[in-house]
Amino acid sequence: MKDISIVGGGPAGALCGERLANAGFQVTIFDERLAWEKPCGGGLTHKAIEAYPFLLETNQPKKIVRTAELISSRGHRARFEMSRPIVIYARKVLNGLLLDRAEAAGCKTVCSRVTSVNTDGERVRLTASGEERWSDFVVLAAGARNRLLPETTALGASDLEITLGYFVPTEEDIIKVKFLKQFEGYLWSFPRADHLSVGICGKMGQSSSQQLRRHLDEFVNEEGIPMHGAKLYSHVLPSPEAQTIRRRRIVGRNWAMAGDAAACVDPVTGEGLFYALRSGDLLAQALSEGQPQAYPERLRAAFSGDLEFAANLARKLFRGTFLGGAITTRMVQILNYSPAFRDLIRDVFSGSQDYRTLKQRLWNQLGITAAEIARSFLTPRSMASVSGGACPRETPR
Ligand SMILES: Cc1cc2nc3c(=O)[nH]c(=O)nc-3n(C[C@H](O)[C@H](O)[C@H](O)COP(=O)(O)OP(=O)(O)OC[C@H]3O[C@@H](n4cnc5c(N)ncnc54)[C@H](O)[C@@H]3O)c2cc1C
(Lines give C-alpha, C1' and ligand atoms only; values in the text may rest on other atoms or scores of the structure.)
Protein backbone atom coordinates (compact mmCIF):
# COMPACT_ATOMS: atom_id res chain seq x y z
CA MET A 1 0.00 0.00 0.00
CA LYS A 2 1.39 3.36 -1.06
CA ASP A 3 -1.33 5.86 -1.91
CA ILE A 4 -3.94 6.80 0.66
CA SER A 5 -6.89 9.15 0.05
CA ILE A 6 -8.50 10.85 2.99
CA VAL A 7 -11.99 12.31 2.63
CA GLY A 8 -12.34 15.15 5.16
CA GLY A 9 -9.65 17.50 6.42
CA GLY A 10 -11.13 18.07 9.90
CA PRO A 11 -9.20 17.01 13.03
CA ALA A 12 -9.55 13.27 12.30
CA GLY A 13 -8.51 13.42 8.64
CA ALA A 14 -5.78 16.04 9.05
CA LEU A 15 -4.00 14.31 11.94
CA CYS A 16 -4.35 10.90 10.29
CA GLY A 17 -2.85 12.39 7.12
CA GLU A 18 0.05 13.99 8.98
CA ARG A 19 0.93 10.72 10.71
CA LEU A 20 0.64 8.67 7.50
CA ALA A 21 2.77 11.11 5.51
CA ASN A 22 5.40 11.00 8.25
CA ALA A 23 5.35 7.20 7.95
CA GLY A 24 6.15 7.49 4.23
CA PHE A 25 2.75 7.15 2.52
CA GLN A 26 1.59 9.34 -0.34
CA VAL A 27 -1.45 11.01 1.12
CA THR A 28 -4.10 13.20 -0.51
CA ILE A 29 -6.65 14.93 1.71
CA PHE A 30 -9.89 15.98 0.00
CA ASP A 31 -12.06 18.54 1.77
CA GLU A 32 -14.83 20.56 0.23
CA ARG A 33 -13.91 23.58 2.36
CA LEU A 34 -10.49 22.87 3.92
CA ALA A 35 -10.05 25.22 6.94
CA TRP A 36 -13.50 26.55 7.85
CA GLU A 37 -15.56 27.62 10.84
CA LYS A 38 -17.28 24.31 11.47
CA PRO A 39 -20.15 24.73 13.97
CA CYS A 40 -18.50 23.69 17.24
CA GLY A 41 -17.70 24.80 20.78
CA GLY A 42 -14.03 24.31 19.97
CA GLY A 43 -13.14 23.15 23.51
CA LEU A 44 -10.17 20.82 24.00
CA THR A 45 -9.92 19.06 27.34
CA HIS A 46 -6.78 18.08 29.19
CA LYS A 47 -6.59 14.63 27.60
CA ALA A 48 -6.28 16.27 24.16
CA ILE A 49 -3.59 18.68 25.34
CA GLU A 50 -1.70 15.89 27.09
CA ALA A 51 -1.74 13.68 23.97
CA TYR A 52 -1.06 16.54 21.50
CA PRO A 53 0.89 19.28 23.37
CA PHE A 54 1.38 21.32 20.17
CA LEU A 55 -2.27 22.38 20.61
CA LEU A 56 -1.20 24.42 23.63
CA GLU A 57 2.30 25.34 22.50
CA THR A 58 1.38 26.90 19.14
CA ASN A 59 1.09 30.69 18.77
CA GLN A 60 -2.32 30.44 17.11
CA PRO A 61 -5.09 32.47 18.83
CA LYS A 62 -6.93 30.44 21.46
CA LYS A 63 -8.59 30.96 24.79
CA ILE A 64 -7.44 29.19 27.94
CA VAL A 65 -10.34 28.88 30.34
CA ARG A 66 -10.04 27.81 33.97
CA THR A 67 -13.49 28.59 35.40
CA ALA A 68 -16.77 26.82 34.68
CA GLU A 69 -20.31 27.37 35.88
CA LEU A 70 -23.05 24.75 35.93
CA ILE A 71 -26.67 25.92 35.98
CA SER A 72 -29.56 23.63 36.87
CA SER A 73 -32.93 23.68 35.10
CA ARG A 74 -34.27 25.52 38.17
CA GLY A 75 -31.60 28.19 38.09
CA HIS A 76 -29.22 26.91 40.83
CA ARG A 77 -25.65 27.81 39.97
CA ALA A 78 -22.28 26.35 40.94
CA ARG A 79 -19.04 27.95 39.81
CA PHE A 80 -15.71 26.14 40.15
CA GLU A 81 -12.10 26.20 39.01
CA MET A 82 -11.23 23.26 36.78
CA SER A 83 -8.29 21.05 37.76
CA ARG A 84 -6.83 21.60 34.25
CA PRO A 85 -7.78 24.41 31.89
CA ILE A 86 -9.83 23.89 28.75
CA VAL A 87 -8.25 25.29 25.60
CA ILE A 88 -10.78 26.76 23.16
CA TYR A 89 -10.11 27.38 19.49
CA ALA A 90 -12.14 28.86 16.67
CA ARG A 91 -12.49 25.89 14.34
CA LYS A 92 -11.13 27.73 11.34
CA VAL A 93 -7.92 28.28 13.31
CA LEU A 94 -7.74 24.70 14.62
CA ASN A 95 -8.47 23.10 11.24
CA GLY A 96 -5.95 25.44 9.57
CA LEU A 97 -3.28 24.51 12.12
CA LEU A 98 -3.85 20.77 11.62
CA LEU A 99 -3.95 21.02 7.82
CA ASP A 100 -0.75 23.10 7.80
CA ARG A 101 0.95 20.37 9.81
CA ALA A 102 -0.37 17.71 7.42
CA GLU A 103 0.95 19.65 4.41
CA ALA A 104 4.31 20.21 6.12
CA ALA A 105 4.54 16.43 6.62
CA GLY A 106 4.00 15.92 2.86
CA CYS A 107 0.22 15.56 2.39
CA LYS A 108 -1.38 17.00 -0.71
CA THR A 109 -4.58 18.89 0.09
CA VAL A 110 -7.32 19.26 -2.50
CA CYS A 111 -10.29 21.58 -2.04
CA SER A 112 -13.08 19.52 -3.56
CA ARG A 113 -16.15 17.53 -2.64
CA VAL A 114 -16.00 13.75 -2.91
CA THR A 115 -19.28 12.44 -4.30
CA SER A 116 -18.63 8.72 -4.54
CA VAL A 117 -16.29 6.08 -3.20
CA ASN A 118 -16.03 2.62 -4.73
CA THR A 119 -14.11 0.06 -2.73
CA ASP A 120 -15.13 -3.06 -4.72
CA GLY A 121 -12.09 -3.29 -7.00
CA GLU A 122 -8.41 -3.93 -6.43
CA ARG A 123 -7.89 -0.19 -5.96
CA VAL A 124 -10.26 2.38 -4.46
CA ARG A 125 -11.93 4.71 -6.96
CA LEU A 126 -13.32 8.01 -5.78
CA THR A 127 -14.93 10.90 -7.58
CA ALA A 128 -13.90 14.39 -6.51
CA SER A 129 -15.37 17.42 -8.29
CA GLY A 130 -16.37 15.15 -11.18
CA GLU A 131 -12.87 13.69 -11.64
CA GLU A 132 -11.93 10.07 -10.92
CA ARG A 133 -9.05 9.42 -8.50
CA TRP A 134 -7.46 6.11 -7.55
CA SER A 135 -5.72 5.02 -4.38
CA ASP A 136 -4.84 1.88 -2.43
CA PHE A 137 -6.87 2.76 0.66
CA VAL A 138 -9.43 5.40 1.66
CA VAL A 139 -9.90 6.98 5.08
CA LEU A 140 -13.41 8.38 5.55
CA ALA A 141 -13.21 11.28 7.99
CA ALA A 142 -16.01 13.36 6.51
CA GLY A 143 -17.82 14.06 9.79
CA ALA A 144 -21.25 13.24 11.19
CA ARG A 145 -23.04 13.89 7.90
CA ASN A 146 -20.82 11.42 6.04
CA ARG A 147 -22.82 9.51 3.42
CA LEU A 148 -19.91 7.54 1.94
CA LEU A 149 -20.56 4.15 3.50
CA PRO A 150 -18.80 1.16 1.97
CA GLU A 151 -20.15 -1.99 3.62
CA THR A 152 -21.52 -0.18 6.65
CA THR A 153 -24.62 1.65 7.86
CA ALA A 154 -25.33 5.34 8.32
CA LEU A 155 -25.75 6.70 11.86
CA GLY A 156 -29.48 6.68 12.69
CA ALA A 157 -31.52 9.33 14.52
CA SER A 158 -30.96 7.57 17.86
CA ASP A 159 -27.19 8.00 17.33
CA LEU A 160 -27.38 11.71 16.56
CA GLU A 161 -28.04 15.04 18.22
CA ILE A 162 -29.19 18.28 16.65
CA THR A 163 -27.23 21.36 17.62
CA LEU A 164 -28.15 25.01 17.19
CA GLY A 165 -26.08 27.95 18.22
CA TYR A 166 -24.74 31.45 17.71
CA PHE A 167 -21.27 32.82 17.21
CA VAL A 168 -21.47 36.06 19.19
CA PRO A 169 -18.87 38.85 18.84
CA THR A 170 -18.33 39.43 22.56
CA GLU A 171 -15.79 38.34 25.19
CA GLU A 172 -16.15 36.13 28.27
CA ASP A 173 -13.82 34.22 30.55
CA ILE A 174 -15.91 31.37 31.85
CA ILE A 175 -17.57 28.30 30.39
CA LYS A 176 -21.26 27.95 31.23
CA VAL A 177 -23.35 24.81 30.94
CA LYS A 178 -27.08 24.76 31.65
CA PHE A 179 -29.30 21.68 31.99
CA LEU A 180 -32.97 21.56 31.09
CA LYS A 181 -35.77 19.58 32.69
CA GLN A 182 -36.20 16.03 31.29
CA PHE A 183 -33.98 16.92 28.34
CA GLU A 184 -31.18 14.78 26.90
CA GLY A 185 -28.67 17.49 26.10
CA TYR A 186 -27.66 20.89 27.44
CA LEU A 187 -27.00 24.55 26.66
CA TRP A 188 -23.49 25.97 26.64
CA SER A 189 -21.52 29.16 26.32
CA PHE A 190 -17.87 28.69 25.32
CA PRO A 191 -15.62 31.79 25.20
CA ARG A 192 -13.13 31.95 22.32
CA ALA A 193 -10.29 34.37 21.58
CA ASP A 194 -12.59 37.08 20.17
CA HIS A 195 -16.13 35.72 20.36
CA LEU A 196 -18.47 33.31 22.15
CA SER A 197 -19.90 30.05 20.83
CA VAL A 198 -23.30 29.67 22.49
CA GLY A 199 -25.43 26.67 21.67
CA ILE A 200 -27.76 23.83 22.53
CA CYS A 201 -27.59 20.12 21.73
CA GLY A 202 -30.51 17.72 22.04
CA LYS A 203 -31.21 14.16 20.95
CA MET A 204 -32.57 13.98 17.40
CA GLY A 205 -36.34 13.40 17.25
CA GLN A 206 -36.93 14.41 20.88
CA SER A 207 -37.23 18.19 20.30
CA SER A 208 -38.04 20.24 17.23
CA SER A 209 -35.67 22.91 15.94
CA GLN A 210 -38.19 25.54 17.09
CA GLN A 211 -38.11 24.17 20.65
CA LEU A 212 -34.32 24.14 20.65
CA ARG A 213 -34.24 27.70 19.31
CA ARG A 214 -36.65 28.83 22.04
CA HIS A 215 -34.51 27.28 24.80
CA LEU A 216 -31.42 28.83 23.25
CA ASP A 217 -32.94 32.31 23.03
CA GLU A 218 -34.16 32.08 26.64
CA PHE A 219 -30.65 31.10 27.75
CA VAL A 220 -29.07 33.98 25.84
CA ASN A 221 -31.54 36.40 27.50
CA GLU A 222 -31.07 34.96 30.98
CA GLU A 223 -27.30 35.22 30.69
CA GLY A 224 -27.51 38.77 29.29
CA ILE A 225 -25.41 37.91 26.22
CA PRO A 226 -25.33 40.90 23.82
CA MET A 227 -26.54 39.51 20.50
CA HIS A 228 -25.58 42.32 18.16
CA GLY A 229 -23.84 40.77 15.13
CA ALA A 230 -24.54 37.16 16.27
CA LYS A 231 -24.56 34.48 13.55
CA LEU A 232 -26.80 31.42 13.82
CA TYR A 233 -25.45 27.94 13.10
CA SER A 234 -26.79 24.40 13.09
CA HIS A 235 -25.15 21.01 12.68
CA VAL A 236 -25.53 17.37 13.67
CA LEU A 237 -23.38 15.74 16.32
CA PRO A 238 -23.01 11.99 16.91
CA SER A 239 -24.34 10.81 20.25
CA PRO A 240 -23.89 7.09 19.70
CA GLU A 241 -25.83 4.37 21.47
CA ALA A 242 -23.80 1.64 23.20
CA GLN A 243 -24.62 -0.97 20.56
CA THR A 244 -23.55 1.37 17.74
CA ILE A 245 -20.20 1.89 19.43
CA ARG A 246 -19.82 -1.85 19.94
CA ARG A 247 -21.12 -3.21 16.64
CA ARG A 248 -20.94 -0.70 13.80
CA ARG A 249 -18.38 -1.63 11.17
CA ILE A 250 -15.67 1.04 10.79
CA VAL A 251 -13.00 -0.80 8.81
CA GLY A 252 -12.93 -2.97 5.69
CA ARG A 253 -10.35 -4.40 3.27
CA ASN A 254 -9.39 -1.03 1.78
CA TRP A 255 -11.31 1.56 3.79
CA ALA A 256 -11.70 2.79 7.38
CA MET A 257 -13.53 5.55 9.22
CA ALA A 258 -12.30 8.00 11.85
CA GLY A 259 -13.71 10.82 13.98
CA ASP A 260 -17.41 11.73 13.81
CA ALA A 261 -17.88 9.45 10.79
CA ALA A 262 -16.92 6.54 13.08
CA ALA A 263 -19.16 7.98 15.87
CA CYS A 264 -16.15 8.70 18.08
CA VAL A 265 -17.93 11.22 20.33
CA ASP A 266 -18.65 11.24 24.07
CA PRO A 267 -22.44 10.63 24.29
CA VAL A 268 -22.67 12.60 27.56
CA THR A 269 -20.65 15.74 26.87
CA GLY A 270 -20.56 15.78 23.06
CA GLU A 271 -16.77 16.06 23.21
CA GLY A 272 -15.50 14.91 19.83
CA LEU A 273 -12.27 16.77 19.08
CA PHE A 274 -10.03 14.57 21.22
CA TYR A 275 -11.65 11.39 19.90
CA ALA A 276 -11.37 12.62 16.30
CA LEU A 277 -7.65 13.28 16.76
CA ARG A 278 -7.01 10.06 18.63
CA SER A 279 -8.97 7.88 16.18
CA GLY A 280 -7.11 9.45 13.23
CA ASP A 281 -3.83 8.84 15.05
CA LEU A 282 -4.64 5.20 15.94
CA LEU A 283 -5.81 4.47 12.41
CA ALA A 284 -2.57 5.88 10.99
CA GLN A 285 -0.58 3.69 13.40
CA ALA A 286 -2.51 0.56 12.40
CA LEU A 287 -2.06 1.34 8.69
CA SER A 288 1.64 2.07 9.10
CA GLU A 289 2.05 -1.34 10.71
CA GLY A 290 0.08 -2.96 7.85
CA GLN A 291 -2.68 -3.97 10.28
CA PRO A 292 -5.81 -1.96 9.49
CA GLN A 293 -7.97 -4.75 10.97
CA ALA A 294 -6.41 -4.09 14.39
CA TYR A 295 -7.81 -0.55 14.41
CA PRO A 296 -11.24 -1.22 16.08
CA GLU A 297 -9.58 -3.19 18.90
CA ARG A 298 -7.07 -0.40 19.50
CA LEU A 299 -9.86 2.15 19.51
CA ARG A 300 -11.71 0.05 22.04
CA ALA A 301 -8.68 -0.20 24.31
CA ALA A 302 -7.98 3.54 24.00
CA PHE A 303 -11.48 4.94 24.57
CA SER A 304 -14.47 3.35 22.84
CA GLY A 305 -15.05 0.95 25.75
CA ASP A 306 -15.35 4.03 27.98
CA LEU A 307 -17.67 5.77 25.50
CA GLU A 308 -19.88 2.67 25.47
CA PHE A 309 -20.14 2.95 29.25
CA ALA A 310 -20.97 6.66 28.88
CA ALA A 311 -23.72 5.85 26.36
CA ASN A 312 -25.48 3.75 29.00
CA LEU A 313 -25.09 6.57 31.51
CA ALA A 314 -26.28 9.49 29.36
CA ARG A 315 -30.03 8.94 29.58
CA LYS A 316 -29.92 8.27 33.34
CA LEU A 317 -27.89 11.41 33.92
CA PHE A 318 -30.12 13.76 31.92
CA ARG A 319 -33.50 12.23 32.80
CA GLY A 320 -32.95 10.44 36.12
CA THR A 321 -33.89 11.62 39.60
CA PHE A 322 -32.06 11.53 42.93
CA LEU A 323 -33.51 12.51 46.33
CA GLY A 324 -36.73 13.66 44.65
CA GLY A 325 -35.09 16.00 42.13
CA ALA A 326 -33.37 15.82 38.76
CA ILE A 327 -29.88 14.30 38.97
CA THR A 328 -28.46 17.35 37.17
CA THR A 329 -30.08 19.70 39.70
CA ARG A 330 -28.77 17.69 42.63
CA MET A 331 -25.36 17.64 41.00
CA VAL A 332 -25.28 21.45 40.82
CA GLN A 333 -26.47 21.74 44.42
CA ILE A 334 -24.03 19.17 45.82
CA LEU A 335 -21.19 20.94 44.01
CA ASN A 336 -21.82 23.92 46.25
CA TYR A 337 -21.82 21.87 49.44
CA SER A 338 -19.08 19.31 48.98
CA PRO A 339 -15.43 20.05 48.10
CA ALA A 340 -14.82 16.31 47.45
CA PHE A 341 -17.67 16.19 44.93
CA ARG A 342 -16.41 19.45 43.41
CA ASP A 343 -12.98 17.87 42.88
CA LEU A 344 -14.61 14.97 41.07
CA ILE A 345 -16.66 17.22 38.76
CA ARG A 346 -13.58 19.38 38.08
CA ASP A 347 -11.79 16.26 36.86
CA VAL A 348 -14.77 15.14 34.74
CA PHE A 349 -14.91 18.58 33.16
CA SER A 350 -11.19 18.74 32.52
CA GLY A 351 -11.31 15.33 30.86
CA SER A 352 -9.03 13.62 33.37
CA GLN A 353 -11.72 11.35 34.92
CA ASP A 354 -12.95 8.46 32.77
CA TYR A 355 -16.48 7.05 33.04
CA ARG A 356 -15.55 3.49 33.98
CA THR A 357 -13.86 4.51 37.23
CA LEU A 358 -16.27 7.36 37.97
CA LYS A 359 -18.86 5.14 39.65
CA GLN A 360 -16.22 3.59 41.92
CA ARG A 361 -14.87 7.04 42.83
CA LEU A 362 -18.39 8.25 43.64
CA TRP A 363 -18.92 5.25 45.92
CA ASN A 364 -15.54 5.62 47.58
CA GLN A 365 -16.17 9.22 48.52
CA LEU A 366 -19.88 8.90 49.31
CA GLY A 367 -19.24 9.14 53.06
CA ILE A 368 -17.06 12.24 52.72
CA THR A 369 -19.58 13.92 50.40
CA ALA A 370 -22.44 13.18 52.81
CA ALA A 371 -20.42 14.51 55.76
CA GLU A 372 -19.55 17.68 53.84
CA ILE A 373 -23.21 18.25 52.93
CA ALA A 374 -24.25 17.71 56.55
CA ARG A 375 -21.55 20.13 57.74
CA SER A 376 -22.82 22.78 55.28
CA PHE A 377 -26.33 22.41 56.62
CA LEU A 378 -25.10 22.84 60.18
CA THR A 379 -23.05 25.95 59.36
CA PRO A 380 -25.48 28.86 58.88
CA ARG A 381 -22.90 31.08 57.16
CA SER A 382 -22.04 28.56 54.47
CA MET A 383 -25.74 27.80 53.92
CA ALA A 384 -26.45 31.44 53.29
CA SER A 385 -23.61 31.68 50.80
CA VAL A 386 -24.75 28.69 48.72
CA SER A 387 -26.44 29.82 45.54
CA GLY A 388 -29.84 28.18 45.16
CA GLY A 389 -30.11 27.43 48.91
CA ALA A 390 -30.62 24.02 50.49
CA CYS A 391 -31.72 21.01 48.42
CA PRO A 392 -35.49 21.52 48.12
CA ARG A 393 -37.77 18.82 46.72
CA GLU A 394 -38.14 19.63 43.09
CA THR A 395 -41.68 20.62 42.12
CA PRO A 396 -42.78 20.76 38.50
CA ARG A 397 -42.86 24.29 37.07
C1 LIG B 1 -22.33 22.60 17.77
C2 LIG B 1 -21.22 21.66 18.11
C3 LIG B 1 -20.39 21.93 19.21
C4 LIG B 1 -19.31 21.09 19.50
N5 LIG B 1 -18.48 21.44 20.51
C6 LIG B 1 -17.41 20.66 20.78
C7 LIG B 1 -16.46 21.04 21.77
O8 LIG B 1 -16.53 22.11 22.37
N9 LIG B 1 -15.42 20.19 22.03
C10 LIG B 1 -15.29 19.02 21.36
O11 LIG B 1 -14.34 18.28 21.66
N12 LIG B 1 -16.14 18.65 20.39
C13 LIG B 1 -17.18 19.45 20.07
N14 LIG B 1 -18.03 19.09 19.05
C15 LIG B 1 -17.74 17.89 18.27
C16 LIG B 1 -16.66 18.18 17.22
O17 LIG B 1 -17.01 19.33 16.47
C18 LIG B 1 -16.50 16.99 16.28
O19 LIG B 1 -16.46 15.81 17.04
C20 LIG B 1 -15.23 17.08 15.44
O21 LIG B 1 -15.28 18.19 14.58
C22 LIG B 1 -15.06 15.82 14.60
O23 LIG B 1 -13.96 15.95 13.76
P24 LIG B 1 -13.92 15.15 12.37
O25 LIG B 1 -12.60 15.45 11.77
O26 LIG B 1 -14.32 13.75 12.57
O27 LIG B 1 -15.09 15.78 11.50
P28 LIG B 1 -15.32 17.32 11.03
O29 LIG B 1 -14.64 18.26 11.92
O30 LIG B 1 -16.78 17.44 10.83
O31 LIG B 1 -14.59 17.34 9.63
C32 LIG B 1 -15.10 16.72 8.50
C33 LIG B 1 -14.58 17.42 7.28
O34 LIG B 1 -15.00 16.69 6.13
C35 LIG B 1 -15.35 17.59 5.09
N36 LIG B 1 -16.29 16.88 4.23
C37 LIG B 1 -17.50 16.36 4.55
N38 LIG B 1 -18.03 15.71 3.52
C39 LIG B 1 -17.13 15.82 2.50
C40 LIG B 1 -17.10 15.34 1.16
N41 LIG B 1 -18.10 14.60 0.65
N42 LIG B 1 -16.04 15.65 0.38
C43 LIG B 1 -15.02 16.38 0.88
N44 LIG B 1 -14.99 16.86 2.15
C45 LIG B 1 -16.03 16.57 2.94
C46 LIG B 1 -15.95 18.79 5.83
O47 LIG B 1 -15.80 19.97 5.05
C48 LIG B 1 -15.11 18.84 7.11
O49 LIG B 1 -14.05 19.74 7.03
C50 LIG B 1 -19.11 19.92 18.73
C51 LIG B 1 -19.94 19.63 17.65
C52 LIG B 1 -20.99 20.49 17.34
C53 LIG B 1 -21.86 20.19 16.15
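The values are calculated or read from the model by the stated rules, or taken from the named source; none is laboratory data. Being a predicted model, the structure only gives us computed values, none of them experimental. Using ideal geometry, Cβ is built from the backbone for each residue, glycine included, and neighbour counts are taken over all protein chains shown.
Identify the single condition in (1) assigned to a helix (DSSP H, G or I); (2) closer than 24 Å to residue 175 by Cα; (3) within 16 Å of the ligand (Cβ to nearest atom) that residue 315 does not satisfy, given that it satisfies every other one.
Result: residue 315 passes all but (3).
When you scan the range 69-122 for strands (runs of 3 or more DSSP E) that lie fully inside it, which ones turn up with 1 or more residues that are over 13 Å from residue 31 (Cα atoms), modelled with pLDDT under 95 and among the hydroxyl-bearing types (Ser, Thr, Tyr)?
By residue number, 77-88.
When the range 237-261 is examined, which residues are found to be more than 8 Å from the ligand (Cβ to nearest atom), touching a strand residue (DSSP E or B) at 6+ places or on another chain (Cβ under 8 Å) and aliphatic (A, V, I, L, M)?
Correct list: 250, 251, 256, 257.
Tell me which residues, restricted to the range 279-294, are more than 15 Å from the ligand (Cβ to nearest atom) and either part of a helix (DSSP H, G or I) or crowded, with 24+ Cβ neighbours inside 10 Å (or both).
Listed by number, the residues that qualify are 285, 286, 287, 288, 292, 293, 294.
Give 122, 103 a once-over and let me know the one that is charged (D, E, K, R) and more than 30 Å from residue 54 (Cα to Cα).
On the way: 103 fails: more than 30 Å from residue 54 (Cα to Cα).
After ruling out the rest, the residue left standing is 122.
State all residues of the range 194-235 that are acidic (Asp, Glu) and under 12 Å from residue 165 (Cβ atoms); if no residue qualifies, say none.
Listed by number, the list holds a single entry, 217.
Can you tell me which condition residue 60 does not meet? The list is (1) surrounded by 14 or more Cβ atoms within 10 Å (Cβ to Cβ); (2) assigned to a loop (DSSP other than H, G, I, E, B); (3) within 14 Å of the ligand (Cβ to nearest atom), and all the others hold.
Among (1) surrounded by 14 or more Cβ atoms within 10 Å (Cβ to Cβ); (2) assigned to a loop (DSSP other than H, G, I, E, B); (3) within 14 Å of the ligand (Cβ to nearest atom), the lone unmet condition for residue 60 is (3).
Take the range 3-38 and flag every residue that is out of contact with any strand residue (DSSP E or B) (no Cβ under 6 Å at 6 or more places or on another chain), more than 12 Å from the ligand (Cβ to nearest atom) and part of a loop (DSSP other than H, G, I, E, B).
23, 24
Can you confirm whether residue 155 is under 24 Å from the mean Cα position of the chain (by Cα) and assigned to a loop (DSSP other than H, G, I, E, B)?
Here the answer is yes, as residue 155 does meet what is asked.
Against the definition (of a type in the set (Gly, Ala, Ser), in contact with a Leu (Cβ under 6 Å, 6 or more places away or on another chain), outside any helix (DSSP H, G or I) and near the ligand (Cβ under 9 Å from one of its atoms)), how does residue 41 come out, yes or no?
no
Is there a residue in the range 313-324 that is surrounded by fewer than 16 Cβ atoms within 10 Å (Cβ to Cβ) and β-branched (Val, Ile, Thr)?
The answer is yes, given that some residue of the range 313-324 is surrounded by fewer than 16 Cβ atoms within 10 Å (Cβ to Cβ) and β-branched (Val, Ile, Thr).
Here is a check on your reading of the model: is residue 145 of a type in the set (Lys, Arg) and near the ligand (Cβ under 9 Å from one of its atoms)?
yes
From 300, 342, 375, which residue is at pLDDT 90 or above and either surrounded by fewer than 16 Cβ atoms within 10 Å (Cβ to Cβ) or outside any helix (DSSP H, G or I) (or both)?
On inspection, the qualifying residue turns out to be 300.
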